1. Calculate, for Val647 and Arg493, the FRET efficiency according to 1/(1 + (r/R0)^6) with r their C-beta to C-beta distance and R0 22 Å; round to the nearest 0.05.
2. In percent, how large is the relative contact order of the range 266-393, given Cα pairs closer than 8 Å and 6 or more residues apart?
3. In percent, what relative contact order does the chain have, based on Cα pairs under 8 Å that are 6 or more apart in sequence?
4. Kindly state, to the nearest 0.05, the FRET efficiency for Thr117 paired with Ala351, given R0 = 35 Å and r defined as their beta-carbon distance.
5. Can you work out the base-10 log of I(q)/I(0) for the range 264-340 at q = 0.15, 0.18 1/Å, using the Debye formula on its C-alpha atoms alone?
6. Given R₀ = 41 Å, FRET efficiency for Arg27-Asp190 by Cβ-Cβ distance, to 0.05?
7. Counting other Cβ atoms within 10 Å, keep those with at most 12, restrict to DSSP loop, and tell me which GluC sites (Glu not before Pro) in the range 571-670 are left.
8. Set Lys and Arg Cβ to +1 and Asp and Glu Cβ to -1, take the dipole of the chain about its Cα centre, and tell me which of Trp144, Ala193, Leu643 lies farthest positive.
Amino acid sequence: MTTEPTLAPSETTLTASGIARLANVGRAAVSNWRRRYADFPTPVGGTPASPSFDAVEVEHWLRRHGRLHQAGTDEWAWRHIESYQPAAQISDALGIAGALLLVRADQAAAPDAGLPTPRQLVTRLRALDPNLATMVGPLLPKQWTAQLSTLLGTVDQLGAEQGPEAAFEHLHNRYVSSAHSMSGLAGTPDSVAEVMLALAGRGDVTFDFTSGTGSILRMAADQALTRGTATRCHAQEINPQYALITLLRLWLLHLRVRRSVPDAAPPVVHVGDSLLADALPDLRADVVVANFPFGVHEWGHDKLAYDPRWTYGLPPRTEPELAWIQHALAHLAPGGTAVVLMPPAAASRPAGRRVRAELIRRGALRAIVALPAGLMPPTGIGLHVWVLTQPDPHQPPPGDLLVVDTTAAPDRPLTDTVATAWSAYHSPAYAELPGVHRTVPAIDVLDDQVDLTPQRHLPHTSDLTADPTQVIAHISEFDQLLDQLRRGLPAVRQAPDIPLRDAPQADVADLIRSGSISVHRAAARSRSTGTTATAVVLTTADILSGSPATGTTTRTADDEPGPEIRPGDILVPVIGRRITARVATPEQVGAELGPGTQLIRVDTTRFDPWFIAGVISRTDNLRIAGRAASTGNGAMRIDVRRLSIPVVALEQQHAYGQAFRQLVEFRATLERASATGTTLAREISDALTSGTLGLTSWPDHDGSGRSGNRERRPKLVIPERAV
């Protein structure tokens with residue numbers, strides 16, 4: 001179902017940004033319309049740089065020209081929240097929307113013809129949970145403003161279409177992926193939460209002391225419901241807006257839980273600093289999970305110097321993560337499990353080695369899992385997951401620590417890799433998976449560094465040693481490449497008369513004006529956020545390697561496709577440290593030109609493409625055609641229109657073109673030979689040291705490898721035990 005955008009009564013005027021939002025385009029498109037269409041509404045206020053327009057006139061113009069964006073209710077609900085003013089209260093607007101959806105989801109609430117008043121909303125929330133009323137009440141006006149009426153009306157419609165819980169989850173997901181939240185501190189991605197809960201297991205009570213917007217807790221409660229049980233969720237969060245969103249998400253799910261488990265206890269959420277003002281000091285949970293902020297040095301080191309939670313040692317001021325770790329253990333019931341996200345540096349920083357060592361000695365730390373990079377935006381580093389248990393003072397501590405490197409198994413689902421390793425760790429017949437997971441004796445970790453980084457304890461020797469048969473095959477392949485190189489250079493000679501030396505020059509710009517040469521670039525993409533499609537395009541890397549198109553680009557219905565590559569087109573990267581012109585290969589013909597690339601199309605009755613590509617690629621041309629790019633790495637922006645080319649007969653162009661083509665193939669073969677030789681040297685070295693390859697001949701005792709005047713090259717053989 002789609003809905004037309006509705007303008008709140010207060011929206012009597014619109015800026016260019018507001019018009020762009022209605023039409024789902026970028027502001028540049030609005031400026032375009034003002035220049036191109038004489039009937040576009042004239043400004044009614046503002047300034048020349050930032051004019052405002054009559055909202056009704058703009059809406060009528062957009063409808064008349066078919067520019068009014070048709071969006072679903074889910075899209076418009078989020079847009080009303082995203083454009084809420086003042087912008088600093090967007091989190092509050094989301095909380096109010098969630099409160100409305102919650103009372104709609106409550107079976108005890110009678111259906112209304114319209115929106116409940118703010119007082120009615122608070123009353124119904126109080127009937128569910130007094131804490132809800134306390135948190136939502138201060139956010140509400142005495143009566144709904146026009147802006148809130150429009151927002152809540154659209155949200156109410158979304159709840160009727162999708163269901164209140166699904167509607168709020170949609171809005172929450174848009175919120176945590178937008179610039180309005182603090183990203184990783186707001187919501188934990190599902191892929192990471194799944195890994196953490198696979199390690200944490202199940203329990204009657206689950207606690208998250210830095211809950212953000214409650215992503216991990218909600219998944220824990222949802223997984224428990226799938227099993228036909230319930231877990232009571234406790235949370236504490238320092239950000240009051242995040243705490244409210246957590247409570248609303250948990251309550252929406254709890255209403256569903258109560259239908260299957262009538263006696264399920266409701267969620268509990270507190271606002272405050274978990275370290276400095278622990279709201280639940282007596283809570284002992286079966287499962288403790290947390291995605292806490294990293295590197296916050298003002299965490300209360302001086303105020304908490306004698307805190308009873310530091311049973312494993314006072315955390316250094318620069319190691320707040322080790323304070324969070326001990327806070328988690330302090331809230332863990334006997335037999336329970338705590339799973340927390342950690343920065344990778346916390347596994348090896350010198351300041352924290354004493355606390356790390358104590359966690360190992362007493363058996364509190366059970367596993368460390370290295371996650372792939374990029375799972376937790378905006379950070380691009382690969383985080384660690386630490387798994388801890390409350391040591392039993394009546395039992396000896398476990399002797400081994402499980403280390404897992406999920407980056408060593410990129411083809412397996414992340415959760416499966418971790419769950420399999422954790423299950424095997426608890427099995428009496430544990431078997432390690434080389435390079436992926438193994439158990440490390442505590443004594444091996446308790447050295448001067450106490451470095452717990454998983455990769456340090458997971459040697460990949462078996463991965464580094466290639467199959468011996470494959471190494472022998474690579475030697476043969478390398479010999480073939482060397483033969484190609486010997487025959488690859490064109491035949492050249494020193495001659496007194498060179499046609500190109502004294503040939504007249506023609507400017508490329510003049511040839512473009514005459515129509516014998518044309519230059520094309522990829523089409524510009526609009527900033528529209530409407531329906532998009534993905535197209536495969538040719539990239540700079542494809543041009544340099546001669547491979548088929550491998551890049552992708554996203555465009556909307558308003559975007560024009562890029563130029564299609566034809567036979568004989570000359571492809572040139574827009575930015576580079578030198579000019580590299582290549583004639584399109586048969587595999588590249590038909591592909592779409594991608595961003596950062598350009599093509600030169602010549603009249604083949606007058607020009608040989610390989611000849612033009614060769615003379616354009618001349619080293620000195622970079623000085624003429626290159627302009628400093630904004631990349632800051634010394635690369636230049638190439639403008640081929642500044643160049644000139646020699647004018648010679650077409651037959652001579654063909655001859656030179658064949659030589660330039662040979663040189664391109666020679667360079668490609670040389671690069672392949674270099675890469676193959678480097679890999680081959682490493683493979684042979686690893687195979688010799690590991691014993692999977694041996695030598696059949698040996699150098700003389702003086703190490704020269706010669707017998708008289710005859711050179712002997714050692715031959716490689718595969719030992720019988722390696723076959």
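1. 0.40
2. Reported relative contact order: 26 percent.
3. Relative contact order of the chain: 8 percent.
4. 0.05
5. Listed by q, the Debye log ratios stand at -0.53, -0.76.
6. E between Arg27 and Asp190, to the nearest 0.05, is 0.75.
7. Glu587
8. Leu643
The values are calculated or read from the model by the stated rules, or taken from the named source; none is laboratory data. Only a predicted model underlies this, so the values are computations on that prediction, with no experimental measurement involved. Methodologically, a virtual Cβ is constructed for each residue, glycine included, from the backbone with ideal geometry; neighbour enumeration extends over all protein chains shown. Surface accessibility is based on the protein's heavy atoms, side chains included, excluding ligands, DNA and RNA. Shrake-Rupley method; radii C 1.70, N 1.55, O 1.52, S 1.80 Å.
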